[in-house]
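This report refers to the structure that appears directly beneath it.
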C-alpha cells in the first residue's frame, strides 16, 4: 500500500496544493495516522476521485500526470471542445477533481489515440 503527499497529488493532477486538499476533503479521504506529515492512500485517491476500478489499480502509473483539456486536444489533434464533448459522452476517462477542475487519464486514452490515428471509432 503506497501513500502520497499533497505535493505528489497536486503534481499528478496539475493543480495547486489548495485545490488538491479541497478535492481530498470533498471525497472524504483522510490522511494516514501512521505518518507524521499528512499522507493519503493512493488506493483511496484512485477509487474515490479518479474513478479507477479495483482491478485496474495495479495498471495505473501514479507517476504519470493527468492531462488538462488543452493538452489532450493537442495530443489528439482535435479542439478542446471536442475533448469536453467526448468526456461528457463517456468516450474519455475524465477525472473530476473539483466542480471546475477536470483532468483526463492517459492510460485509457491510448486506445482513443489509436482509434483517431486509424479512423476506426469502434476501437474506443
* Structure fact -> Over segment 57-81, the set of residues exposed (fewer than 15 other Cβ atoms within 10 Å of the Cβ), free of Cβ contacts under 8 Å to residues at least 24 places away in the same chain and over 18 Å from residue 4 (Cα atoms) is 70, 74, 79, 80, 81
* Structure fact -> In segment 8-26, residues that are exposed (fewer than 15 other Cβ atoms within 10 Å of the Cβ) and closer than 9 Å to residue 98 by Cα total 1
* Structure fact -> The lone condition residue 15 fails out of (1) closer than 19 Å to residue 93 by Cβ; (2) part of a helix (DSSP H, G or I); (3) in contact (Cβ under 8 Å) with a residue 60 or more places away in the chain is (2)
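Going by the conditions given, is residue 75 part of a helix (DSSP H, G or I) and in the same structural domain as residue 99 (by TED's automatic domain parsing)?
Working: part of a helix (DSSP H, G or I): yes; in the same structural domain as residue 99 (by TED's automatic domain parsing): yes.
Taking the combined requirement at face value, the residue satisfies it.
The values are calculated or read from the model by the stated rules, or taken from the named source; none is laboratory data. The structure displayed is predicted, hence computed values, not measured ones. As a convention, Cβ positions derive from the backbone with ideal geometry for all residues, glycine included, and neighbour counts pool all protein chains shown.
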